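Right, one structure below, let's go through it.
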Ligand SMILES: [Zn+2]
């Protein structure tokens, strides 16, 4: 009998714990700090087509994320997922990063395998263009990049990326903003290298 009671007690405790966790995560989600969503930047792809930005909220994510694609109707898009959950610096960075995938023609080319060297190269190029555009097109651009780097580091740590991956991403961004060239010239070089110009 005492054994049964112990088991019952443990079981009851676990149920209480589960109920608490569910309630707590719902509370944490509803109490998450919300930010205004910024106006998107201008964005054209490599052939001069207009890119549209589409804000999507409440996907259940913990922070802002983006995606660049051409939809089934042929419209060029940047999806802005849960932007209200992240500060403006990161919203700017994601907007410009996703736009860069359109600017460099990534969207028209076959998607390289996830985490392949080609994929990582496309991501580094998009980060580089985003950083240069923030530096040159936004007021206090350098401060915005510094803030975005902090937010990216937090987000990548939370998502479980290895420290080395985060560090190499940050070092690429830091290197790019020191380049004495504009995003436009950089994009031009990428397009020529790819035979798209
Ligand atoms: Zn990307």
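Taken together, the values in this text are just the output of simple stated rules run on the coordinates, not laboratory data. As the structure is a computational prediction, the values presented were derived from the model and not from experiment. Glycine also receives a Cβ, built like all others from the backbone with ideal geometry; neighbour counts cover every protein chain displayed.
Taking 84, 72, 143 as the candidate residues, the one with maximal mean-square fluctuation in a Gaussian network model of the chain, Cα springs under 10 Å, is 72. Note on the chain: GNM, Cα springs under 10 Å; of 168, 89, 131, the largest mean-square fluctuation is that of 168.
Using Cβ contacts closer than 10 Å as the measure, can you line up 88, 101, 119 from fewest to most?
On the way: 88 17, 101 24, 119 14.
With the fewest neighbours first, 88, 101, 119 line up as 119, 88, 101.
Taking the C-alpha atoms only, the angle from helix 141-158 to the longest principal axis of the chain is near 40 degrees. Stretching the chain fully between residue 35 and residue 47 yields a gain of 0.9 nm (0.36 nm per residue, less the alpha carbon separation).
So what is the 222 nm mean residue ellipticity for the chain from helices alone, if each DSSP H run of at least 4 adds -39500 (n - 2.57) and you divide by all residues, rounding to the nearest 500 deg cm²/dmol? Each step should come with its number before you reach the end.
On the way: 6 runs with 110 residues, N = 197.
Estimated from H runs of four or more residues: -19000 deg cm²/dmol.
Determine the shape class of the chain: with a ≥ b ≥ c the square roots of the Cα gyration tensor eigenvalues, call it rounded for a/c under 1.5, and otherwise prolate if a/b is greater than b/c, oblate otherwise. Prolate is the answer for the chain, as a/c is 1.5 or above and a/b outweighs b/c. Contact order, relative form, for the chain: 18 percent (alpha carbon pairs under 8 Å, 6 or more residues apart, mean separation divided by residue count). Among 133, 70, 80, the largest mean-square fluctuation in a Gaussian network model of the chain, built with springs joining Cα atoms closer than 10 Å, belongs to 70.
The label-point distance for residue 14 and residue 84, in a model that sets each label 7 Å from Cα toward Cβ, rounds to 3.8 nm.
Against the longest principal axis of the chain, how steep is helix 88-103, in degrees 0 to 90 to the nearest 10, with axes from Cα atoms? With rounding to tens, the tilt is 50 degrees.
What the Cα convex hull of region 90-197 gives, in volume per residue, is 98 Å³.
Each distinct pair of alpha carbons in region 61-129 adds a 1/r term; the inverse of their mean, the Kirkwood radius, is 12.7 Å. Between residue 180 and residue 167, the distance separating the two model label sites (each 7 Å from Cα on the Cα→Cβ line) works out to 3.0 nm.
Size descriptor for region 146-187, Kirkwood hydrodynamic radius: 11.3 Å (Cα pairs only, one decimal). To the nearest ten degrees, helix 2-30 and the longest principal axis of the Cα atoms of the chain are 30 degrees apart.
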